[in-house]
1. Take the residues in segment 148-197 that are acidic (Asp, Glu) and assigned to a helix (DSSP H, G or I), then tell me which one is surrounded by the fewest Cβ atoms within 10 Å (Cβ to Cβ).
2. Considering only residues of segment 246-288 that are modelled with pLDDT of 80 or more and among the hydroxyl-bearing types (Ser, Thr, Tyr), which is farthest from the chain's Cα centre (by Cα)?
3. Quick check on my filter: what residues within segment 212-271 are part of a helix (DSSP H, G or I) and crowded, with 16+ Cβ neighbours inside 10 Å?
4. Among the residues of segment 63-91, count how many are hydroxyl-bearing (Ser, Thr, Tyr) and surrounded by fewer than 19 Cβ atoms within 10 Å (Cβ to Cβ).
5. Do we find a residue being more than 19 Å from Ala245 (Cβ to Cβ) and surrounded by fewer than 20 Cβ atoms within 10 Å (Cβ to Cβ) anywhere in segment 322-337?
6. Are there helices (runs of 4 or more DSSP H) fully within segment 1-45 with at least 1 residues that are out of contact with any Asp or Glu (no Cβ under 8 Å at 6 or more places or on another chain) and touching a residue at least 12 places away in the same chain (Cβ under 8 Å)? List them.
7. Quick check: is even one residue across segment 67-85 in contact with an Asp or Glu (Cβ under 7 Å, 6 or more places away or on another chain), under 22 Å from Ala329 (Cα atoms) and hydrophobic (A, V, I, L, M, F, W, C)?
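The values are calculated or read from the model by the stated rules, or taken from the named source; none is laboratory data. Predicted model only: the values in this text are computed from it and were never measured. No Cβ is skipped: glycine too gets one built from the backbone with ideal geometry, and neighbour counts run over all protein chains shown.
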Amino acid sequence: MSVILLDWYDANAREMPWRVGPQARKDGVRPDPYAIWMSEIMLQQTTVATVKDYFRRFIARWPTVQDLAAAPDADVMAEWAGLGYYARARNLLKCARAVVDVHDGAFPADHAALLKLPGIGPYTAAAVSSIAFDLPHAVLDGNVERVMARIHDNHTPLPKAKPVFMEYAQSLTPAKRPGDYAQAVMDLGATICTPTSPACGICPWNQHCAARQAETMAELPKKAPKKAKPTRHGTVYLGRRADGAWLLETRPEKGLLGGMLGWPGSDWVDMTLPHPDSAPPVAGDWEEHEVSVRHTFTHFHLVLRIMTADIGHDVEPQRGVFMEQTTFAPSDLPTVMRKAFDLLHQDTKPDRKIRGSLL
């Protein structure tokens, strides 16, 4: 089966900025482990279409792992803004520095050693091992899980089925061209064996697919029922001085949006508790904006009320620092914080001083 899939991949491989295509690989071009690692970290919980531009910007700005390891944390976090799941960015820096400090700037061509690096779990270690170093380690992302479930017509729900799907995936991984095979099976799931309306008629494995024979493709993979997401509430304070400087703070390293630039605010608490009421970060005539921020994280929904104020020039904040307009842009903010800024500028009346000209 692997030979059939590799023949299909040779003719249909997707082009990716981090990928060495099958023909180039046959011609002796080797993938850059740094590029493979970075793309895999970015692709966690994120689509290929979204990742491509981020990847190009990161590689252009930090073309080697040594460059990234030497980068200031704030610069990397700002470049990551909008990509979400910000712990990945923190681990990106930790891993780059570990590669430089422990492995002399070269990613180890060893699955066990890769697993010891910060932010690299079983999937990423397998992807880097196979794609960058051509080692026969099976990859198991969502696309591959779907393919394995259908090929074997396995109705065990995820995540319980993961160990069995890994066994399936490993049994199909060939000793020859395992890197191309890993990318081929992911491409198959992304372009042919899709979640809805799979193109079974043109699938290279259609003669081997038990789910196609049983006509159960649309039912697979089975998934355990999702728990309802709770809703949390909080407050953000958007304060601005007459000179255009905004009050911002760097969030604590641990926790959601750790190390990111954002508006000072309250804790985010469960909806069954009273609305959080933290003290404003600086003295001012604070007013509640008429529209709240609504954002969804992996495990909960968030509603943030927006408090705004024009701040005097001689007032010292208790939290955060004022950032001049020339050193701050909304694109530096994580999505939920940028939503607050955007809502304020969409709906604020023109005669309010806080409207400004940052957009």
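1. Glu167
2. Ser266
3. Residues of segment 212-271 part of a helix (DSSP H, G or I): 212-214, 217-219.
Hits for segment 212-271 are Arg212, Met217.
4. Total satisfying the criteria: 2.
5. Looking through segment 322-337, at least one residue is more than 19 Å from Ala245 (Cβ to Cβ) and surrounded by fewer than 20 Cβ atoms within 10 Å (Cβ to Cβ).
6. Qualifying helices (runs of 4 or more DSSP H): 2-12, 33-43.
7. Checked segment 67-85: at least one residue is in contact with an Asp or Glu (Cβ under 7 Å, 6 or more places away or on another chain), under 22 Å from Ala329 (Cα atoms) and hydrophobic (A, V, I, L, M, F, W, C).
Conditions (1) in the same structural domain as Val336 (by TED's automatic domain parsing); (2) out of contact with any helix residue (DSSP H, G or I) (no Cβ under 6 Å at 6 or more places or on another chain); (3) closer than 18 Å to Val128 by Cα, marked per residue:
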| site | (1), (2), (3) |
| --- | --- |
| Ile59 | no, yes, yes |
| Trp62 | no, no, no |
| Tyr85 | no, yes, no |
| Leu93 | no, no, yes |
| Ala98 | no, yes, yes |
| Gly105 | no, no, yes |
